[in-house]
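Scroll down for the structure; my scribbles are underneath it.
The values are calculated or read from the model by the stated rules, or taken from the named source; none is laboratory data. Please read all numbers here as calculations on a predicted model, not as lab measurements. Cβ placement follows ideal geometry from the backbone for every residue including glycine, while neighbour counts extend to all protein chains displayed. Side chains included, ligands, DNA and RNA excluded: accessible areas come from the protein's heavy atoms. Shrake-Rupley method; radii C 1.70, N 1.55, O 1.52, S 1.80 Å.
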Amino acid sequence: MMALVSRFGVTAPAWLWLLPLALMPLVASSQKRIPVPSLAMVPADGLSRLVDAVLTLAGMAAIGFLILALAGPHLVGESLMRTGEGAQISLLIDRSGSMNETFAGRQPSGPEESKAAASRRILEGFVGRRAHDLVAVSAFSTSPMAVLPMTDRHDAVRAAIRAIDRPGLEATNVARGLGLALAQFGPGAPQASRVLLLVSDGAAIIDRRVQPTLREEFAKIRPTLYWLFLRTAGSPGLGDRPAGEDTPQAAPERHLDLFFKSLGVPYRAFEAESAQAVEEAIREIDRQERKPISYTERRPQRDLTGFAYGLAALAMALLLAAKLAETDLAVRASASRPAASRETRRAA
């Protein structure tokens, strides 16, 4: 009860200066008064005194709640700390031109889905199943793009994920994308389970000059790294060695996988060659990353104006019923009947 009182507020407090008007029913009454020669002739009537008290309180309530409604009453919003199962997840999504192709390596036609469209659909379902996650969304192609900072507003997260279905660019600069995705966790993030989920179809090279900086960032934040490798049919896998010289230029996906394994953080790669394989990989990540996490539940401000008007209307309805009860319609009707019959006889 005290918590509700502490959250109570009004938007127009000047109206509250009129609240003393609610005391008027104590000194004046709108009910009909019947004079009697002596109070001794009036028998003791506890019910009448109770009705009088109820009507007085109803008059006070009607005036008080009307003034309160004009003041704009509300309950102030609040933030509550809760504990649930989930993680801080930083989504990093490849927006290179190859993501516009299907898993067969061609432009989609008819019912076919591009790799971007399949990822969008499956990631939306992933976020929808995890009510307590904090999620950030980043994208990369030639340059990294901060789509959405870390948030628990999952409607905004799903809207950000839907944006990856737009046509992408040609280049793939995964190094700068990883740096942005790591920055999404923030230096002040609570010590919860942290996940960096990279969704990419590969063909990315990390410059050797950038690798030490990324190693430092990964060592500082220590997220669990998942790479959802959307492999085009017929393309080399992460474990396939090239026929010639084994260099990042000849086998970029293989060397990116080797770099991730050398970071010293939990890492797992999923090679998905179809939308169904993507779904299975996401479900596995969903099962793995369910640990205790503290999250903030925000309760919005609640408007009480309608509630105040409703209570005022209820009090006024009670007063109106009492006023109508003072009129003896049956007596008036019976008194008018003899007069009407006399007029009829005269006319005859």
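Near the amide H of Leu225, within less than 5 Å, lie the amide hydrogens of Leu196, Tyr267, Arg268, all on another chain or at least 5 residues away, with H placed in the peptide plane. Amide H contacts under 5 Å for Val137: Leu91, Val147, Leu148, restricted to partners 5 or more places along the chain or on a different chain, H placed in the peptide plane at 1.01 Å from N.
Within the range 189-294, the trypsin sites (Lys or Arg not before Pro) that combine a DSSP coil assignment with at most 12 other C-beta atoms in a 10 angstrom radius are Arg208, Arg209.
Report note on the peptides 273-282, 197-206, 86-95: ranked by the mean count of other C-beta atoms within 10 Å, highest first, their order is 86-95, 197-206, 273-282.
Solvent-accessible area per residue in the range 81-298 equals 46 Å², computed with a 1.4 angstrom probe and all protein chains kept. Distances between every pair of Cα atoms in the range 81-298, grouped in 10 Å steps from 0 to the bin holding the largest one, split as 8, 36, 38, 15, 3, 0 percent. In order along the range 272-289, the phi-based Karplus estimate (6.51 cos²θ - 1.76 cosθ + 1.60, θ = phi - 60°) of 3J(HN,Hα) comes to 10, 10, 7, 5, 5, 5, 4, 4, 5, 5, 5, 5, 5, 4, 4, 5, 6, 9 Hz; Gly and Pro are listed as x.
Here the range 105-132 is scanned for amide nitrogen atoms under 19 Å from the site 7 Å beyond the Cα of Arg283 along Cα-to-Cβ, giving 118-131. Here the range 81-298 exposes an accessible surface that is 49 percent carbon and sulfur, computed with a 1.4 Å probe and the other protein chains kept in place.
The relative contact order of the range 81-298, computed from alpha carbon pairs under 8 Å that lie at least 6 residues apart in sequence, is 28 percent.
Each residue was assigned an accessible area with a 1.4 Å probe, and for Asp52 the value is about 90 Å².
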